[in-house]
Amino acid sequence: PLIIAHRGFSDEAPENSMAAFHRAIEARCDMIELDVRLSADNVPIVFHDRRLQRTSNGSGLISEKHSRQLTTIDNGSWFSPKFSKERIPELKDIFPLLKKNIRLNIEIKPDIVSTNDISAVELVVAEAEKAKVLSKVMFTSFNHQMIKEINDIDESIITGVIYNPITH
């Protein structure tokens, strides 16, 4: 079985933070799972919720803020004061970690929408392709149409569907 660090090692560091991802690597997990949303300027941002309030000192919707605003928000103090320097990462910030013999499960949140001619899925996949890490990445989503879209882009990309009969 694979050991997958859900939102990074989120028991010991703020979820979806660089600290949580580094801790997962230190713990020798096989894979890091993280969540992706799009900012107002269509940059893939690593964050679980639609709104900033639960796990940051920001407020409002991720989709209504530009990436340069989001990456300055304190993403760690809610967890512990020692994580006050944690910021919300962009997806591209995570890819250098894949050199450390770990794989990545990118959960594309089912409700994200691009505000330009390129779909949200294409934007996220393009980030991984640009970083040349597609072979170390798996894309998952509750939105099964998004997974189909990834398979239409390239059948060799590893994908998975998430299903929760309680919420769907």
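The values are calculated or read from the model by the stated rules, or taken from the named source; none is laboratory data. Just so we're clear, the structure is a prediction, and the values are computed from it rather than from any experiment. Ideal geometry is used to build each Cβ from the backbone, glycine not excepted, and the neighbour counts take in all protein chains shown. SASA here: full protein model, heavy atoms, side chains in, ligands and nucleic acids out. Shrake-Rupley method; radii C 1.70, N 1.55, O 1.52, S 1.80 Å.
The table for this structure:
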| read-out | value |
| --- | --- |
| Residue order for ILE147, ILE118 - accessible surface, 1.4 angstrom probe, largest first | ILE118, ILE147 |
| Cα gyration tensor category, rounded, prolate or oblate, for the range 30-69 with a/c compared to 1.5 | oblate |
| Over the chain, volume per residue of the alpha carbon convex hull, in Å³ | 121 Å³ |
| Placed amide H near ILE32: partners under 5 Å, 5+ positions off or other chain | ALA5, ARG103, LEU104, ASN105 |
| Exposure of THR140 as accessible area (Å², to 10), given a probe of 1.4 Å and all protein chains | 10 Å² |
| Charge dipole of the chain about the Cα centre (unit charges at C-beta), most positive-ward option of PRO81, ILE147, ALA5 | PRO81 |
| The chain, dipole about Cα centre (Lys/Arg Cβ +1, Asp/Glu Cβ -1), debye to the nearest 20 | 560 debye |
| Cα centroid separation - the range 131-167 against the range 6-27, whole Å | 22 Å |
| Percent accessible area from carbon and sulfur atoms, the chain, protein chains only, probe 1.4 Å | 51 percent |
| Per residue, in Å², the accessible surface of the chain once ligands and nucleic acids are set aside, probe 1.4 Å | 52 Å² |
| Theoretical ellipticity at 222 nm over the chain - DSSP helices of four or more residues, -39500 (n - 2.57) apiece, nearest 500 | -5500 deg cm²/dmol |
